[in-house]
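Structure record follows, encoded as structure tokens.
Quick note: the coordinates plus some simple rules give every number you see, no bench work behind them. Since the structure is predicted, the reported quantities are computational estimates derived from the model, not experimental observations. A quick note on method: Cβ atoms are made from the backbone with ideal geometry, for glycine too, and the neighbour counts reach across all protein chains shown.
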Amino acid sequence: MEPPIEDHAHEASLLYIVGRVNHGIRREMRDRLAPWKLSVQQYTTLSVLDTRPGLSNAQLARRAMVTPQSMLEILARLEERGLVVRAVDPSHALILRAQLTREGRELLAQAAPEVQAIQDDLLNGVSARDRAVVLRVMSRAMGLLSRHSQASAMNANSASRGS
């Protein structure tokens, strides 16, 4: 029998709780991805490329929530392992477009069920209705943060050009 969910609203803010959940998820992902020698960032990159092949370094960095410099390192390691290939964008010679190799798709197919199991464990016993509410609220928050981040980046770029 599942223990009752305690109301800690008076003790912790939503941001604190989300931060703790994020920390726990990342720890679980590190542990579960270890057999494939994948970091959380590498797995995220592979999964993004699985659904959106041909993204640039900058696009991947945004989606994986790392700096462009970190994404260069992530892609280099994945490329060394034969999991990703990069090709020059025909319309812009300075942009490299990344995509999974057959080996990358196979490794992702092996590791993905372990990551899905984390979500399944977290939502075990949560009704479909409540799952939908959580997903909708978190997706909305992610969208707001993404728009805020883009606006901040645009303001920073404008300021640096003006100085």
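For R52 and H92, what does the FRET efficiency come to when R0 = 25 Å and r is the distance between their Cβ atoms, rounded to the nearest 0.05?
Working: r = 18 Å, r/R0 = 0.71.
According to the calculation, E is roughly 0.90.
With the Cα gyration tensor of the range 14-122 in hand, give its eigenvalues times 5 under a square root as the equivalent ellipsoid semi-axes, listed largest first in whole angstrom. Don't jump to the answer; show the numbers that get you there.
Details: eigenvalues 134, 55, 24 Å².
Computed over the range 14-122, the values are 26, 17, 11 Å.
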